[in-house]
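Chemist: Okay, here's the structure, questions in a sec.
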């Protein structure tokens, strides 16, 4: 029976070009996210005023300020990303057999991309950009970041499932969801949300020294957004416990894949996240440290999604 499944799978492999395109779309989305962090860190979110999708009421920008150029570029890259993900979904449906799991992931990618655009538009139209300290801004930012992580997860699953040579059709996989994997994914998402709020606090309430930052964190007169900055490293420490637990199980557990290389990569990325996070705090959140920290965190998230997919969706012929 397992030989039949393998044979059926081999006959339905997507083209190498489609597989490379799916990973390329994922890489492009990460670049868009990093540019979005640049928009937030530089306070350029109001560079186009409260106009959306137009910028300052026009399409072409003449004698634009630096903030306008940064925000306008971000909008262009976001617009291109929508066409990229729709193209990926269409190509996935044309290039795969009925029942291919990548189809569902590709559809989810389109849905999360639309939600991403809606949340971004609301941030602009409600004036929740630049130096806005509206109580709505942290809530919208948390929703935005959660959706971003889900979008990255959907794109990662699309690329991963398209790259599989077995175990990618409904009925050819068995669902084995270890508690450690589910718990780790949830905790890491919480880390991402607290990280976005901490970064917002750094942007809205900049300081000139580490001592001033610590005093600000524990001052009763500071706003909750500042006093909660310590939550991010605390949750990140808890998440590291779940991650180490998951990585140890993945490295030792016998599955269809040899996960040792991926586990080593995740440990390297995890170390990078903590080192860059420490530099971010000590150096008072310079732009380069924020972007590098986010890049490392996004790559760790992508790796975690792939590892979780390997552990949760095992080919039946691996039994």
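Chemist: Do we find that residue 38 is at pLDDT 90 or above and either assigned to a helix (DSSP H, G or I) or more than 16 Å from residue 100 (Cα to Cα) (or both) in this structure? So that I can check it myself, show each step before the final result.
Modeler: Values: at pLDDT 90 or above: no; either assigned to a helix (DSSP H, G or I) or more than 16 Å from residue 100 (Cα to Cα) (or both): yes.
When the stated conditions are applied, residue 38 does not pass them.
Chemist: From 124, 107, which residue is assigned to a helix (DSSP H, G or I) and modelled with pLDDT of 95 or more?
Modeler: Sole residue among the options that is assigned to a helix (DSSP H, G or I) and modelled with pLDDT of 95 or more: 107.
Chemist: Please pick out the residue among 243, 284, 270 that is buried (at least 19 other Cβ atoms within 10 Å of the Cβ) and either touching a residue at least 40 places away in the same chain (Cβ under 8 Å) or not assigned by TED's automatic domain parsing to the domain that holds residue 199 (or both).
Modeler: Values: 284 fails: buried (at least 19 other Cβ atoms within 10 Å of the Cβ); 270 fails: either touching a residue at least 40 places away in the same chain (Cβ under 8 Å) or not assigned by TED's automatic domain parsing to the domain that holds residue 199 (or both).
Matching residue, one of 243, 284, 270: 243.
Chemist: Here are some conditions: (1) in contact with a helix residue (DSSP H, G or I) (Cβ under 6 Å, 6 or more places away or on another chain); (2) touching a residue at least 40 places away in the same chain (Cβ under 8 Å); (3) farther than 15 Å from residue 26 by Cβ. Residue 81 meets all but one. Which one does it not meet?
Modeler: (3)
Chemist: Just checking, does the range 155-178 include any residue being out of contact with any helix residue (DSSP H, G or I) (no Cβ under 7 Å at 6 or more places or on another chain), part of a helix (DSSP H, G or I) and either at pLDDT 90 or above or surrounded by fewer than 21 Cβ atoms within 10 Å (Cβ to Cβ) (or both)?
Modeler: Looking through the range 155-178, none of the residues is out of contact with any helix residue (DSSP H, G or I) (no Cβ under 7 Å at 6 or more places or on another chain), part of a helix (DSSP H, G or I) and either at pLDDT 90 or above or surrounded by fewer than 21 Cβ atoms within 10 Å (Cβ to Cβ) (or both).
Chemist: Yes or no: the range 129-137 includes at least one residue that is buried (at least 17 other Cβ atoms within 10 Å of the Cβ) and not in a loop (DSSP other than H, G, I, E, B).
Modeler: Among the residues of the range 129-137, at least one is buried (at least 17 other Cβ atoms within 10 Å of the Cβ) and not in a loop (DSSP other than H, G, I, E, B), which makes the answer yes.
Chemist: Condition first: within 14 Å of the chain's Cα centre (by Cα) and farther than 30 Å from residue 55 by Cα. Can you find one or more residues in the range 171-185 that meet it?
Modeler: In the first step, residues of the range 171-185 are kept if they are within 14 Å of the chain's Cα centre (by Cα); the result is 185.
Add one more test, that the residue is farther than 30 Å from residue 55 by Cα, and what stays is 185.
Among the residues of the range 171-185, at least one is within 14 Å of the chain's Cα centre (by Cα) and farther than 30 Å from residue 55 by Cα, which makes the answer yes.
Chemist: Is it the case that the range 249-258 has a residue that's modelled with pLDDT of 85 or more, surrounded by fewer than 14 Cβ atoms within 10 Å (Cβ to Cβ) and more than 18 Å from residue 185 (Cβ to Cβ)?
Modeler: For the range 249-258, residues modelled with pLDDT of 85 or more, surrounded by fewer than 14 Cβ atoms within 10 Å (Cβ to Cβ) and more than 18 Å from residue 185 (Cβ to Cβ): present.
Chemist: Looking at this structure, is residue 72 surrounded by 14 or more Cβ atoms within 10 Å (Cβ to Cβ), out of contact with any helix residue (DSSP H, G or I) (no Cβ under 9 Å at 6 or more places or on another chain), part of a helix (DSSP H, G or I) and modelled with pLDDT under 95? First the steps, then the outcome.
Modeler: Working: surrounded by 14 or more Cβ atoms within 10 Å (Cβ to Cβ): yes; out of contact with any helix residue (DSSP H, G or I) (no Cβ under 9 Å at 6 or more places or on another chain): yes; part of a helix (DSSP H, G or I): yes; modelled with pLDDT under 95: yes.
For residue 72, the condition - surrounded by 14 or more Cβ atoms within 10 Å (Cβ to Cβ), out of contact with any helix residue (DSSP H, G or I) (no Cβ under 9 Å at 6 or more places or on another chain), part of a helix (DSSP H, G or I) and modelled with pLDDT under 95 - is met.
Chemist: May I ask you to say which residue of 278, 225 is under 26 Å from the mean Cα position of the chain (by Cα) and either loosely packed, with under 12 Cβ neighbours inside 10 Å or modelled with pLDDT of 85 or more (or both)? Give the steps one after another, and end with the answer.
Modeler: Values: 225 fails: either loosely packed, with under 12 Cβ neighbours inside 10 Å or modelled with pLDDT of 85 or more (or both).
Exactly one residue qualifies, and that residue is 278.
The values are calculated or read from the model by the stated rules, or taken from the named source; none is laboratory data. Note that this is a predicted model, so its numbers are computed, not measured. Backbone-built Cβ (ideal geometry, glycine too); neighbour counts: all protein chains shown.
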